[in-house]
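Please read the structure below before turning to the comments.
The values are calculated or read from the model by the stated rules, or taken from the named source; none is laboratory data. It should be emphasised that the depicted structure is a prediction, and the values quoted were computed from it without experimental measurement. Note that we place each Cβ from the backbone using ideal geometry, even for glycine, and neighbour counts take in every protein chain shown. Each accessible area value is taken on the protein alone, full model and side chains, heavy atoms only, with ligands, DNA and RNA left out. Shrake-Rupley method; radii C 1.70, N 1.55, O 1.52, S 1.80 Å.
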Amino acid sequence: MERTTLSRPMALALAFMAVIWVSPFGWLLSNAFDTAATGRLIWPQRFGIDNFTGAIGGDAGRMFLNSLLIAAGTATISVVVGAAAAYPLSRLRMPGKNALLWTLVLLRMLPSVGVLVPLYFAAQRSGLLNQFGVMLALSCLNLPFTLLLLKNFFDTVPIELEEAAYVDGASLWQIVTGIVLPMSRAGLAVVWFFSFTGAWNEFLLPLIFSRVEAGFPMSVGLYGAFGRMGAIDYGFLAAFSIIYAAPAIGVYFLLRRNMNTGFAGVGVKG
Amino acid sequence: MRHQANPWITSNLWLLSAAMLPAIALVGALLYFTGWAFTFSFTDLGLTGRKAVEWSWVGLENYERLFTRKGFLDSLWTTIIFVFFSAIVGQSVLGFLLAATLRGTVSTTRSVVEVCIMLGWLLPDIVAAFLWSATTSRTGLINSLFIVPFGLQPINFINDFALAVVTIANVWKGTAWSYLLFIAALDSVPREIIEAAKIDGATRWQRAWLVVLPIIRPHIATNLLFITIWTFTYFPLIFAMTGGGPGRQTETLALFLYNQSFARGNLGFGSAISVAMLLIVGALSLIYLRMLREPK
């Protein structure tokens, strides 16, 4: 066994790096809990949680709900549409299936900025410059990845189980809801939460799709608040940032063990 | 249709095809939009005003503009610098060094460092932008820790060294992905092979260069291509920190596209920029596909 122990200078260097990496978070926390925050790095002068209560009420609360709507909507559309297509894709022998899968791999690399103008144009013409339009556009961009990942999960469900159920007289619907979906529960959850965090963090599409302030999600709201000239309310922004970042970080630690499947999803087992 | 083995599939072909329809529609829409971007790039379509309704075909004029005016080529250069320093030098090399150092060490050190760099990665783009704007501002963390205590004038980093600041911010944000991929790759190298090389008398460097590196080469290639493509089209962090300024110092292609399309309202020219970006990303993806197909 090659068991490396870190030399002292190496350990110091690592510790130094870790401190540098987290120091912006220290700043963020100290400002969020300081009701008289000025953006400087000091121990909170007046300790309190007023910033947080400010950052969940009123406009900020509405932005939270908008973000939640967009993220949950995108994730649900992606998983439902993706799973409905991934099962046939996994089980059917179709002509040109490999070409289709490779197309999906290529489409997965398609950057949203590349189709930004047509997306905007189409949404404008069909009156979808709102949260629902953002959801549809994000699901669209998300689907190639979702489809590949779910197909890989369904591929791992043993076909013998389905055969046994069929012999026992189960219908297709019963086979899918009774065997396939429960057995790929972990996969479905990973895909749902991946899509959720992706849409929760999304900035560009809501930026060009939101016409009214009532439709802003947290990303656009936070950008608007600190991009504005004049006095910056650091305490409020820090608390707002923490609330906005919490779901994404929470989801990761919830799914930590299943996370490596995200890497598996980049390839195709054709 | 070839022979189908599974009767519960064959007796429900219509139902299964119907289930695929929504996905086909969405993927079709995506392909259709890509085609649209190509079409728009030959027009003078505008965001508002007369050109939004009465647009006309302008042939290759938009593409001529890409190469004859300075804007596009300048942005391309800025993008290349940004990608090279933040993705390749910063995220990949740093991620690899970290993975190589932390592999097989005591689990607490490893966990602490992992959680630290992971926090940056998990943070939403706009929060990272806010954090780094505040950290590098005149009264921010860096000035109050490293500049002011030495009696120097505070520096407005985001204004004076804009490209460097967004590059560092992106390294801070993105290193975790490369690290995760590399540590998984290094863990997959069988210990027996390294042991065998050791017994054959290979030095530490020879083991790294001649044994480990060839085994994880596909992982390195995957990592490089993914982060290159992502960084190449990355928008929110730079946009929220600098908006492309000061001047046009940090205007990468994604920002150039946004500014031309939605600030100036030239959707036609913006489409030409997006076609150029799609071609570059497409070329990179094809290289990636070829590498995936090659037997290891």
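A few notes on this one:
The rows are residues; the columns are (1) of a type in the set (Lys, Arg); (2) surrounded by fewer than 23 Cβ atoms within 10 Å (Cβ to Cβ).
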site: B:Val115; (1), (2): no, yes
site: B:Ala129; (1), (2): no, no
site: B:Ile155; (1), (2): no, yes
site: B:Val165; (1), (2): no, yes
site: B:Asn170; (1), (2): no, no
site: B:Lys173; (1), (2): yes, no
site: B:Ala176; (1), (2): no, yes
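- Among the candidates A:Ala186, A:Ala199, residue that is in a helix (DSSP H, G or I) and modelled with pLDDT under 85: A:Ala186
- A:Ser78 being open to solvent by 20 Å² or more (accessible area, probe 1.4 Å) and within 11 Å of another protein chain (Cβ to nearest Cβ): no
- Taking each residue of the range A:107-134 that is over 21 Å from B:Ala272 (Cβ atoms) and open to solvent by 10 Å² or more (accessible area, probe 1.4 Å) and looking for partners that are in a helix (DSSP H, G or I) and at pLDDT below 85 with beta-carbon atoms closer than 7 Å, six or more apart or interchain, yields A:Asn130/A:Gly215; A:Gln131/A:Gly215.
- Odd one out for B:Ala263, checked against (1) aliphatic (A, V, I, L, M); (2) closer than 18 Å to B:Arg69 by Cβ; (3) within 10 Å of chain A (Cβ to nearest Cβ): (3)
- B:Leu224, sole failed condition from (1) facing chain A (nearest Cβ under 10 Å); (2) touching a residue at least 60 places away in the same chain (Cβ under 8 Å); (3) aliphatic (A, V, I, L, M): (1)
- Checking the range B:78-85 against the condition returns no match, with no residue being open to solvent by less than 50 Å² (accessible area, probe 1.4 Å), over 25 Å from A:Leu110 (Cα atoms), not hydrophobic (A, V, I, L, M, F, W, C) and not in a loop (DSSP other than H, G, I, E, B).
- Residue among B:Leu30, B:Leu73, B:Leu26 that alone is open to solvent by 40 Å² or more (accessible area, probe 1.4 Å) and modelled with pLDDT of 85 or more: B:Leu73
- B:Ile280 β-branched (Val, Ile, Thr), closer than 23 Å to B:Phe33 by Cα and more than 9 Å from chain A (Cβ to nearest Cβ): yes
- Subset of the range B:91-144 [part of a helix (DSSP H, G or I), farther than 30 Å from B:Phe235 by Cα and more than 7 Å from chain A (Cβ to nearest Cβ)]: B:Ala100, B:Leu102, B:Ser107, B:Thr108, B:Arg110, B:Ser111
- Considering B:Ile229, B:Ile193, the condition of being within 12 Å of chain A (Cβ to nearest Cβ) and exposed (fewer than 14 other Cβ atoms within 10 Å of the Cβ) is satisfied by B:Ile193 alone.
- Breaking point among (1) open to solvent by less than 30 Å² (accessible area, probe 1.4 Å); (2) more than 9 Å from chain B (Cβ to nearest Cβ), for A:Cys140: (2)
- Among the residues making up the range A:143-169, a single one is under 17 Å from B:Gly28 (Cβ atoms) and open to solvent by 30 Å² or more (accessible area, probe 1.4 Å): A:Phe145.
- The condition of being within 10 Å of chain A (Cβ to nearest Cβ) and not in a helix (DSSP H, G or I) holds for B:Tyr234.
- Residue count for the range A:89-129, restricted to those that are under 26 Å from the mean Cα position of the chain (by Cα) and in a helix (DSSP H, G or I): 24.
- Criterion (open to solvent by less than 50 Å² (accessible area, probe 1.4 Å), more than 10 Å from every other protein chain (Cβ to nearest Cβ) and farther than 26 Å from B:Thr34 by Cβ) met by exactly one of A:Gly26, A:Gly48: A:Gly48
- Look at the range B:40-60: where a residue is of a type in the set (S, T, N, Q) and a partner is in a loop (DSSP other than H, G, I, E, B), sitting 6+ places away or on another chain with Cβ atoms under 8 Å, you get B:Thr43/B:Trp55; B:Thr43/B:Ser56; B:Thr43/B:Val58; B:Thr48/B:Gly265; B:Ser56/B:Asp44.
- Within the range B:240-252, the set of residues being of a type outside the set (S, T, N, Q), more than 8 Å from chain A (Cβ to nearest Cβ) and open to solvent by less than 30 Å² (accessible area, probe 1.4 Å) comprises B:Met241, B:Gly244, B:Gly245, B:Glu251.
- The selection criterion, being under 18 Å from the mean Cα position of the chain (by Cα) and either part of a helix (DSSP H, G or I) or touching a residue at least 24 places away in the same chain (Cβ under 8 Å) (or both), holds for B:Ile280.
- Going through (1) at pLDDT below 85; (2) farther than 24 Å from A:Phe203 by Cβ one by one, B:Leu141 falls short only on (2).
- Meets criteria (within 9 Å of another protein chain (Cβ to nearest Cβ), at pLDDT 80 or above and either out of contact with any strand residue (DSSP E or B) (no Cβ under 6 Å at 6 or more places or on another chain) or over 20 Å from B:Leu123 (Cα atoms) (or both)) for A:Ala225: yes
- Positions within the range B:5-23 being within 24 Å of A:Leu138 (Cβ to Cβ) and facing chain A (nearest Cβ under 7 Å), in sequence order: B:Ala19, B:Met20, B:Pro22, B:Ala23
- Flag if B:Gly201 is small (Gly, Ala, Ser), farther than 26 Å from A:Leu222 by Cβ and open to solvent by 30 Å² or more (accessible area, probe 1.4 Å): yes
- Residue selected from the range A:147-162 under the condition in contact with a helix residue (DSSP H, G or I) (Cβ under 8 Å, 6 or more places away or on another chain) and charged (D, E, K, R), by the criterion nearest to A:Val105 (Cα to Cα): A:Lys151
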